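The values are calculated or read from the model by the stated rules, or taken from the named source; none is laboratory data. In this text the structure is predicted, and so the values were computed from the model without any measurement. When we count neighbours, we look across all protein chains shown, and the Cβ atoms used for this are built from the backbone with ideal geometry, even at glycine.
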């Protein structure tokens with residue numbers, strides 16, 4: 001699931017809010033200046049962005065975000081004996097057809113908002129299902145129309161009297 005841009009901005013604002021809140025709380029608990037606590041938390045955030053992670057195939061969150069900003073796929077990790085059949089087949093297809101198969105993060109389709117707003121998630125899913133059903137109906141209707149493109153009269157454009165505002 002691709003997270004919309006506005007959601008990304010709001011999640012960034014949430015992290016900044018939590019950082020500021022935690023810095024104030026730590027300063028009160030430890031009797032230290034808020035700026036010192038803010039610096040410590042900024043170091044934690046920095047380290048998280050730059051540290052390679054196993055669940056990201058050895059890439060850092062920074063690398064993934066920067067690749068996405070450039071519309072580049074995340075490359076498949078190097079082969080290993082533990083690779084499952086799907087990864088092996090994807091690599092074989094890359095070798096046969098050229099190109100690079102990418103992977104993307106999938107946390108099961110739930111965002112942080114979905115965790116805190118399960119009713120909203122359910123309502124959104126219902127609306128998405130309705131939209132998908134409508135698209136399916138439109139596709140079925142479109143398939144029922146047959147046009148013989150070899151027939152020169154398949155489309156008769158409007159004659160001069162049928163075109164509004166066509167006369168000067």
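Please go through the stretch 39-61 and give me each residue that is in contact with a helix residue (DSSP H, G or I) (Cβ under 8 Å, 6 or more places away or on another chain) and either surrounded by fewer than 11 Cβ atoms within 10 Å (Cβ to Cβ) or in contact (Cβ under 8 Å) with a residue 24 or more places away in the chain (or both), ordered by number.
45, 56
Counting only residues that are out of contact with any helix residue (DSSP H, G or I) (no Cβ under 6 Å at 6 or more places or on another chain) and surrounded by 12 or more Cβ atoms within 10 Å (Cβ to Cβ), how many does the stretch 25-38 have?
The qualifying residues number 3.
Check 10, 28, 41, 18 and return the single one that is part of a helix (DSSP H, G or I), modelled with pLDDT of 95 or more and closer than 23 Å to residue 114 by Cα.
Sole residue among the options that is part of a helix (DSSP H, G or I), modelled with pLDDT of 95 or more and closer than 23 Å to residue 114 by Cα: 18.
Testing residue 64 on (1) in contact with a helix residue (DSSP H, G or I) (Cβ under 9 Å, 6 or more places away or on another chain); (2) modelled with pLDDT of 90 or more, one condition comes back false. Which one is that?
It fails just one condition, (2).
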